[in-house]
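Written below as structure tokens is the structure these notes are about.
The values are calculated or read from the model by the stated rules, or taken from the named source; none is laboratory data. In this text the structure is predicted, and so the values were computed from the model without any measurement. Cβ placement follows ideal geometry from the backbone for every residue including glycine, while neighbour counts extend to all protein chains displayed. Please note that ligands, DNA and RNA were not included when accessible areas were found on the heavy atoms of the full protein model with its side chains. Shrake-Rupley method; radii C 1.70, N 1.55, O 1.52, S 1.80 Å.
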Amino acid sequence: MPERFAPRDWQERFVRAYQTNLKKNFLLEACTSAGKTAGALHAFDSLKNVLDWRFLVVVVPAEHLMRQYAQDAFNLFGLNLFYSGTVRSLGRLPTPEELLQQHYHGLVVSYQWLSYSNNSSLLLNNLSRTVAGKVFLILDEVHHTSSDLAFGQACERAFPDTIVSHRLMTSGTPFRSDNRRILGNWLTYTPIEENAYQCIPDFQYRLADALSDEIIPPFSFVTMEGEFAYRRGRAVYNGRTFTNATNEQQLKDALNTAIDVEGGWVKEAIEWAHIRMKRDRAKGLPECATYVRVPTILAARQMKERIRRLTNEDALVVVSRDDELGSISNFQFGRDSSEQIEQFAAETGYSARSWIIGVGMLGEGVSIKRLKYRIHATNIRAILSFMQDLGRLLRRFPEDNPEPVETLIPAHPDLIDLAVSALNEIAHVVREREENDRSQDESGVNDAGNSQGGQQLTLSNFMPISSTGELGRQIVDGEEIDSEYANVAEWAITNKPIWQIFPKTPAHLAQMLKDDKALFDILRREYEEALNQISNTQSSSSAVIPDGFPSEYERYLPTKKTAFARREANKKAYRLACILYGNASEEDKREKVKQIHTIAKSRNCLPTNNSFIAHEGWERVYQWLRERITDAPTRIKGIEDL
């Protein structure tokens, strides 16, 4: 074994398992950033002489990954892999015999290249001439293939049993979104119920394992709530949120309004990442960067401009060839995207760019170690895409003391569920249908099994109008942390020197505070005192007393103001409940008061849980409730009208 490669514990266990269970077809499931490439190459390098493997063929999910795979093979094991595809001067791929004569160990191609024209048949013919039965095949991120679609069919044509000695298939997400089997003739599918089959990996190394082994950095999710206004058809909807949506269409409209690049939600998201990166620079990590995922090329162009206006910083936009097919003809990016990604990844120091915007380019295998934050500004909610995007952040940077990473997501229930379940094992289950039910329009599904539906925002009867953004709950290790703890944790890491060196994310600190009541009470008191000082400073020069408050309210200390304003707001909420539901029982009225409070806080962009609210917030709630009482019961008939 080359001295330059030191296998991780799981990679050694995998190779031992592979040697023990030397199947014709073997599926390795290893999470993103675990080192699947090194693990697969380690298996080949360890056994190539024992099993007389004369030629290695690797198939990767994108053309820009061919060089990266070949580079890793050379750096780690001294293996020479040809990765240039069709040679223009030859009009073909070099044959295995030609490559072996030039001291190559094999080649790397992409699924796209293999499925183009008759490339798979030509490769089959070339392999059959000199290395039949001596080929070791690695199908990287094999979930991109299905026997029903072009990629899988090309693989089955090019690599039959007569040609391939052994097939090693790898995936970090061995499942598809389109209910198709991943190369069903080569992978093991076990029946679990009638017409339902589960894909069974031969070796697993999951995200939770990598987190426990400290192969990947600590990570967490930050949710951002908001209030949204949009037009659908002739109707205008105001005050919509993710929590008051009553059907799937309203949730979709709220999400599409949130990610509208010119809206307030996106502004808050950009500023969230910008503040964090400024904090990183202050502690000597100027290279830390943010990845923004958007749904369309038009949105990418708008996001680049929005970031420039808000931060005065330039952002790199990268797109895949598939994205470019639907792009605007006058929107060009110049140099090849893969080269731009490599340059961005290599930038260091204070001149390193801080923003990269991706439409569909940053898929599996793309390694930009300095990415520390991600903004999910897309309406895609598929688990496959979500986990792949998360994987872009899970690199160790710096290598010796890796920084924790964070993803900001809209507070859409589906995205919250994905974040909560990120560490869970995901089973690939296929539910077979009758043959006559299989015919469907496949234009919305790509070979990776990703549904492309919902990506376009140009709906003729929908138009976003405005949005707000407010940080909500945080998610770590599958646990949702209330903003009551998250707000205190954010404040402590920003303002307290002892917590500024906390080695994990604010969500991890919030989780710790939730479990340590004494520490939380200490920090919460300091947090509230700091807010009171700010409120006192801001209001001392021009205090405005709300209608109905006593004149001496102006001289109250901020803490007393908060208690008084909260009490008066509670009275107004109860008064409104009595007007709207005068015949209800006292128990029902108390429940209505809770609902009214939640709506009032949401309408005034305040936390809707038990988080601390200073007196200015309660004053806004009080005034808002007074206005609603004036409109009841003529214009407002019930809570649904608020």
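The simple Förster model, with R0 at 35 Å and r as the Cβ-Cβ distance, assigns Glu339 and Glu97 a FRET efficiency of 0.65.
Taking amide H as placed 1.01 Å from N in the peptide plane, Ala377 has its amide H under 5 Å from the amide H of Arg293, each at least 5 places away in sequence or on another chain. Using a probe of 1.4 Å on the protein chains alone, the accessible area found for Trp113 is around 40 Å².
Bridge orientation summary for the stretch 66-170: considering DSSP beta bridges with both residues in this region, about 10 percent are antiparallel. Overall, the accessible surface of the stretch 80-215 at a probe of 1.4 angstrom is composed of carbon and sulfur to the extent of 44 percent.
Backbone phi angles across the stretch 472-478, fed through the Karplus curve with coefficients 6.51, -1.76 and 1.60 (θ = phi - 60°), yield HN-Hα couplings of x, 5, 10, 10, 8, 6, x Hz in residue order; Gly and Pro are listed as x. Rolling a 1.4 Å probe over the protein heavy atoms of the stretch 547-634, with every protein chain left in place, gives an accessible area that is 46 percent carbon and sulfur. In the full protein context, the chain carries 45 Å² of accessible surface per residue, based on a 1.4 Å probe and ignoring ligands, DNA and RNA. By definition, a body whose alpha carbon gyration tensor gives a ≥ b ≥ c is oblate when a/c is 1.5 or more and a/b is not larger than b/c, and the stretch 186-265 fits this oblate description.
The gain in end-to-end length when the Ala518 to Ile465 segment is fully stretched comes to 14.6 nm, 0.36 nm per residue minus the alpha carbon separation. Taking Rg/Rh (Cα atoms, Kirkwood Rh) as calculated from this structure, the corresponding entry among (1) 0.95; (2) 1.03; (3) 1.16 is (2).
So which trypsin sites (Lys or Arg not before Pro) in the stretch 26-129 are both in a DSSP loop and have at most 13 other Cβ atoms within 10 Å of their Cβ? Here the trypsin sites (Lys or Arg not before Pro) that fit, given the DSSP loop and packing criteria, are Arg88. When nucleic acids and ligands are ignored and a 1.4 Å probe is applied, Asp161 ends up with an accessible area of around 100 Å².
Just so you know, the Cα atoms of the stretch 492-642 work out to an Rg and Dmax of 18.4, 57 Å. Averaging sequence separations of C-alpha pairs under 8 Å and six or more residues apart, then dividing by the length of the stretch 198-331, give the relative contact order as a whole percent. About 14 percent, as a whole number.
Under 5 Å between amide hydrogens, built in the peptide plane, is the criterion, and for Tyr83 it picks out Val108 among residues at least 5 positions away or on other chains.
Based on C-alpha pairs under 8 angstrom that are at least 6 apart in sequence, the chain has a relative contact order of 14 percent. Can you classify the stretch 38-151 as rounded, prolate or oblate using the Cα gyration tensor, where a ≥ b ≥ c are the square roots of its eigenvalues, rounded means a/c under 1.5, and otherwise it's prolate if a/b beats b/c and oblate if not? It comes out rounded by the Cα gyration axes. The long axis of helix 9-20 is offset from the longest Cα principal axis of the chain by roughly 40 degrees.
Across the cross-link table entries Lys36/Lys369; Lys278/Lys372; Lys592/Lys637; Lys372/Lys514; Lys267/Lys514; Lys496/Lys561, which are compared at the Cα atoms, the separations over 18 Å belong to Lys372/Lys514; Lys267/Lys514; Lys496/Lys561.
Helix 337-346: angle to the longest alpha-carbon principal axis of the chain, degrees 0 to 90, nearest 10? The helix 337-346 is inclined about 70 degrees to the chain. Along the stretch 255-271 the Karplus relation, 6.51 cos²θ - 1.76 cosθ + 1.60 evaluated at θ = phi - 60°, assigns HN-Hα couplings of 5, 5, 6, 4, 8, 4, 4, 8, x, x, 4, 5, 4, 5, 5, 4, 5 Hz to successive residues, with x for each Gly and Pro. Take Cys578: with every protein chain present and a 1.4 Å probe, its accessible area is about 30 Å². Against the main long axis of the alpha-carbon atoms of the chain, helix 615-631 sits at an angle near 70°.
Modelled spin labels at Asn583 and Ser147, positioned 7 Å past Cα toward Cβ, are 6.5 nm from each other.
Couplings 3J(HN,Hα) of the stretch 405-415, computed from phi: 10, 9, 10, 9, 10, x, 7, 6, x, 5, 5 Hz, in residue order, whole Hz [Karplus 6.51 cos²θ - 1.76 cosθ + 1.60, θ = phi - 60°; x for Gly and Pro].
For the chain, the mean residue ellipticity at 222 nm estimated from helices alone is -12500 deg cm²/dmol, where every DSSP H run of n ≥ 4 contributes -39500 (n - 2.57) and the total is divided by all residues, rounded to the nearest 500. Of the accessible area of the stretch 369-434, computed with a 1.4 Å probe over protein heavy atoms only, carbon and sulfur atoms account for 46 percent.
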